[in-house]
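A.B. asks: Please see the structure below; I have some questions.
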Amino acid sequence: MTEHALEVEGLRKTFGDHVAVDGVSFSLPPGGSLAIVGESGSGKTTTARMLVGLERPDAGRIRVGGRDRSHVARGRATRLARAREIQMVFQDPYLSLDPRVTVAACVEEPLRLHFSMSPAERRARRDELLARVGLGEREADALPRRLSGGQRQRVAIARALATRPKVLILDEATAALDVSIQAQILDLLAEIRRDTGVGYLFVTHNLALVRHVADDILVLYQGRVVETGPTREVLAAPEHPYTRLLLHSVPRPGWDPARIAADRRALAAALKETPPSPASADPLRHVPETNSTERSAAQ
Amino acid sequence: MTAVPVHRRRFFAPLARVAGGDKLVTAALALLALLIVAAVLAPWIAPHDPDAVDLSATLSGSTPEHLLGADQSGRDVLSRLIFGARTGLLGPLVVVIVSTVLGMLIGVTAAWHGGVVDAVLSRAMELVFSFPALLLAIILVAVFGVGLTAPVIAMSVAYAPYVGRLARSVALREKARPYIQAYRVQGWSGWVICVKHLLPNIAPLILAQSAINFGYALMDLAALSFLGFGVQPPTADWGAMINEGSSSLLQGAMLPALAPGVAIVITVVAFGIVGESIADRVARREQ
């Protein structure tokens with residue numbers, strides 16, 4: 001049981017009549033990397049928020065290192081212990097940093113809360129964390145508004161790593177950045193995982209990103225898991241029509257909007273036959289196609 | 001340029017930012033500064049004792065001896081105006097401080113906890129809203145007796161929901177921001193997050209509202225004094241001065257009633273301008 005860094009079982013969350021997350025289960029090995037993929041409204045962000053305790057699950061269990069964290073944290077000790085288990089990097093680096101707090105203070109705050117360190121130790125650890133994400137003394141004294149998006153996201157990563165979490169959730173953490181900066185941040189994240197053994201949970205809609213960063217993939221559709229497995233296999237031979245639709249929607253050479261329309265019809269047909277459920281095998285077989293070079297008239 | 005000591009530059013920096021090069025706002029700030037100085041230094045700068053009676057000057061117009069004339073009892077209007085700034089500013093100051101603290105407490109608590117707490121506090125605020133402030137003040141005067149105490153307590157209570165409603169909506173928006181959520185994920189208690197991070201970030205907007213409230217509170221307290229529930233004669237107070245001067249209007253003497261009236265209008269407008277300017281600055285920064 002403890003060989004998993006993170007274990008999630010039958011997670012469910014409803015907002016009024018709307019079922020946002022329904023029976024989601026997965027596990028993440030220590031130092032592993034899992035991507036939760038889905039379109040907006042598929043429940044991926046709600047899942048992430050339940051994992052860090054920003055939302056309460058209606059049902060299901062979340063365990064980190066065998067310790068349950070699905071219920072409301074009672075008391076300071078539990079709260080702090082949980083914060084050392086999972087940390088999160090938010091999507092928008094322009095909103096996720098306190099505008100009144102300098103970079104140095106932003107990284108020192110969690111250190112002060114979680115560890116009893118002398119001021120000198122704390123400064124040393126802060127500098128180490130900032131150096132880890134490639135920020136120097138010049139940035140340390142700056143307020144967030146003086147920094148670029150990429151620099152801010154580096155600060156957010158340093159802040160999240162300060163508590164030495166077992167699992168780091170990256171909620172669309174590169175979606176708000178320029179493509180070239182995205183690549184830098186992803187390289188940095190890969191390096192950090194190698195060095196510290198932290199597990200990553202990528203929450204994203206970007207399949208191109210998943211291919212590079214995640215060992216495993218979990219596809220969410222309307223709050224349910226429709227497909228899961230090693231990233232390479234799932235992306236090479238997607239079984240569920242929704243995964244295929246997602247995959248074919250990524251613009252690339254030979255991209256064919258007509259096929260996306262066909263995928264949508266296939267998904268609708270599949271849903272009509274069997275409503276999405278975690279266990280159901282997909283009735284439609286994937287027809288292997290050569291990567292078509294023909295283009296629709298629209299292009 | 002002239003060498004300004006560093007600490008002084010820092011002290012004036014927020015005011016300079018509020019003015020932001022806007023002539024109107026600068027003028028309003030200068031006027032308020034002048035008013036505060038006048039109130040503090042009243043005994044030294046007033047040309048006469050505000051209660052000294054000079055019957056030979058009764059209801060005189062503007063003369064070199066009495067720049068703004070004298071009232072029906074022959075008291076110097078300018079001196080009374082300057083002394084009146086003391087009660088005129090002190091009352092609203094207390095009202096604004098108490099209502100801001102109370103309103104922030106209620107508003108932020110409601111926003112942070114949500115659910116039942118929010119419902120109860122919001123309904124409580126609406127209850128106070130629905131009660132006319134002046135009526136509340138008059139009831140309290142009946143309980144505590146005339147003077148500045150009862151009106152100030154009443155106004156503090158009556159203005160708290162204005163601050164509270166604003167604080168609640170701003171805090172709700174701020175609470176949903178990822179940086180506040182990041183603090184929660186870090187494991188800080190709600191109390192620490194609210195006091196150390198949420199309040200300082202919403203404070204400028206609340207202060208803007210409080211500056212505007214200052215003007216309204218001044219007007220309400222003057223109205224109570226005018227009605228005879230607030231500051232009692234012979235103490236100099238703008239509202240009471242209008243009351244006392246109103247009878248001399250019939251005898252053709254405008255200044256005893258007009259001067260304090262103009263003082264009230266100018267002060268209220270100045271506070272309004274400063275408050276709006278702070279709010280504008282915050283709105284610009286939000287974008």
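The values are calculated or read from the model by the stated rules, or taken from the named source; none is laboratory data. Given the structure is predicted, the values throughout are model-derived calculations rather than measurements. We place every Cβ from the backbone using ideal geometry, glycine too, and count neighbours over all the protein chains shown.
A.B. asks: With (1) over 30 Å from A:ARG138 (Cα atoms); (2) in contact with a Lys or Arg (Cβ under 8 Å, 6 or more places away or on another chain) as the list, and A:SER96 as the residue in question, which single condition is left unmet?
C.D. replies: All conditions are met except number (1).
A.B. asks: Take the residues of the range A:62-91 that are at the interface with another protein chain (Cβ under 9 Å from one of its Cβ atoms) and of a type in the set (Gly, Ala, Ser): which is surrounded by the most Cβ atoms within 10 Å (Cβ to Cβ)?
C.D. replies: A:ALA83
A.B. asks: Moving to a separate point now. Look at B:LEU166 and say whether it is in contact with a helix residue (DSSP H, G or I) (Cβ under 7 Å, 6 or more places away or on another chain), of a type outside the set (Phe, Trp, Tyr), within 13 Å of another protein chain (Cβ to nearest Cβ) and in a helix (DSSP H, G or I).
C.D. replies: no
A.B. asks: For the range B:99-111, state whether one or more residues are surrounded by fewer than 19 Cβ atoms within 10 Å (Cβ to Cβ), more than 14 Å from chain A (Cβ to nearest Cβ) and under 15 Å from the mean Cα position of the chain (by Cα).
C.D. replies: So far as the range B:99-111 goes, yes, one or more of its residues are surrounded by fewer than 19 Cβ atoms within 10 Å (Cβ to Cβ), more than 14 Å from chain A (Cβ to nearest Cβ) and under 15 Å from the mean Cα position of the chain (by Cα).
A.B. asks: Please determine whether any residue of the range A:34-48 is surrounded by 16 or more Cβ atoms within 10 Å (Cβ to Cβ), at pLDDT 90 or above, within 16 Å of the chain's Cα centre (by Cα) and within 10 Å of chain B (Cβ to nearest Cβ).
C.D. replies: No, there is no match, as no residue in the range A:34-48 is surrounded by 16 or more Cβ atoms within 10 Å (Cβ to Cβ), at pLDDT 90 or above, within 16 Å of the chain's Cα centre (by Cα) and within 10 Å of chain B (Cβ to nearest Cβ).
A.B. asks: Is there any pair with a first residue in the range B:19-37 that is more than 20 Å from B:ARG281 (Cα to Cα) and a second that is part of a helix (DSSP H, G or I) whose Cβ atoms are under 6 Å apart and which are 6 or more apart or on different chains, and what are they?
C.D. replies: B:LEU31/B:ALA270; B:LEU35/B:ALA85
A.B. asks: Give the number of residues within the range A:93-132 that are more than 14 Å from chain B (Cβ to nearest Cβ) and surrounded by 15 or more Cβ atoms within 10 Å (Cβ to Cβ).
C.D. replies: 9
A.B. asks: Suppose we filter the range A:157-192 for residues that are in contact with a Gly (Cβ under 8 Å, 6 or more places away or on another chain) and closer than 19 Å to A:VAL37 by Cβ; how many remain?
C.D. replies: Residues that pass the stated criteria total 5.
A.B. asks: Could you pull out every one of the strands (runs of 3 or more DSSP E) wholly within the range A:156-257 that has 2 or more residues that are without any contact (Cβ under 8 Å) to a residue 24 or more places away in the chain?
C.D. replies: A:224-230
A.B. asks: Taking the stated definitions as given, is B:ALA171 modelled with pLDDT of 90 or more and within 21 Å of B:GLY228 (Cβ to Cβ)?
C.D. replies: So B:ALA171 does not fit the description; no.
Table: residues versus (1) part of a helix (DSSP H, G or I); (2) among the small types (Gly, Ala, Ser); (3) surrounded by fewer than 24 Cβ atoms within 10 Å (Cβ to Cβ).
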{"site": "B:TRP191", "(1), (2), (3)": "yes, no, yes"}
{"site": "B:ILE212", "(1), (2), (3)": "yes, no, yes"}
{"site": "B:LEU221", "(1), (2), (3)": "yes, no, no"}
{"site": "B:PHE226", "(1), (2), (3)": "yes, no, yes"}
{"site": "B:MET241", "(1), (2), (3)": "yes, no, no"}
{"site": "B:ALA253", "(1), (2), (3)": "no, yes, yes"}
{"site": "B:PRO256", "(1), (2), (3)": "yes, no, no"}
{"site": "B:ALA263", "(1), (2), (3)": "yes, yes, yes"}
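A.B. asks: Within the range A:1-59, track down each residue that is hydroxyl-bearing (Ser, Thr, Tyr) and in contact with a strand residue (DSSP E or B) (Cβ under 7 Å, 6 or more places away or on another chain).
C.D. replies: If the condition is that a residue be hydroxyl-bearing (Ser, Thr, Tyr) and in contact with a strand residue (DSSP E or B) (Cβ under 7 Å, 6 or more places away or on another chain), then A:THR14, A:SER25, A:SER27, A:SER33, A:SER42, A:THR45, A:THR46, A:THR47 are the ones that fit.
A.B. asks: How many residues, within the range B:54-75, are under 13 Å from B:ALA257 (Cβ atoms) and free of Cβ contacts under 8 Å to residues at least 12 places away in the same chain?
C.D. replies: Going through the range B:54-75 one residue at a time, the tally reaches 0.
A.B. asks: What residue, of A:ARG154, A:ARG146, is among the basic types (Lys, Arg), crowded, with 16+ Cβ neighbours inside 10 Å and not assigned by TED's automatic domain parsing to the domain that holds A:GLU7?
C.D. replies: A:ARG154
A.B. asks: Return the total of residues in the range B:176-186 being more than 7 Å from every other protein chain (Cβ to nearest Cβ) and of a type outside the set (A, V, I, L, M).
C.D. replies: Residues in the range B:176-186 being more than 7 Å from every other protein chain (Cβ to nearest Cβ) and of a type outside the set (A, V, I, L, M): 1 in total.
A.B. asks: Just wondering, is there one or more residues in the range A:112-134 that are out of contact with any His (no Cβ under 9 Å at 6 or more places or on another chain), within 25 Å of B:GLY190 (Cβ to Cβ), free of Cβ contacts under 8 Å to residues at least 12 places away in the same chain and in a helix (DSSP H, G or I)?
C.D. replies: Yes, some residue in the range A:112-134 is out of contact with any His (no Cβ under 9 Å at 6 or more places or on another chain), within 25 Å of B:GLY190 (Cβ to Cβ), free of Cβ contacts under 8 Å to residues at least 12 places away in the same chain and in a helix (DSSP H, G or I).
A.B. asks: On the basis of being in contact with a Leu (Cβ under 6 Å, 6 or more places away or on another chain) and either within 26 Å of B:ASP280 (Cα to Cα) or more than 14 Å from every other protein chain (Cβ to nearest Cβ) (or both), does B:ALA133 make the cut?
C.D. replies: no
A.B. asks: Let me ask another. Would you call B:ARG173 without any contact (Cβ under 8 Å) to a residue 60 or more places away in the chain, of a type outside the set (S, T, N, Q) and within 14 Å of chain A (Cβ to nearest Cβ)?
C.D. replies: yes
A.B. asks: Further, regarding this structure: Between B:GLY84, B:GLY147, B:GLY114, B:GLY103, which is within 28 Å of B:LEU205 (Cα to Cα), in contact (Cβ under 8 Å) with a residue 40 or more places away in the chain and of a type outside the set (Lys, Arg)?
C.D. replies: One residue alone meets the criteria, B:GLY103.
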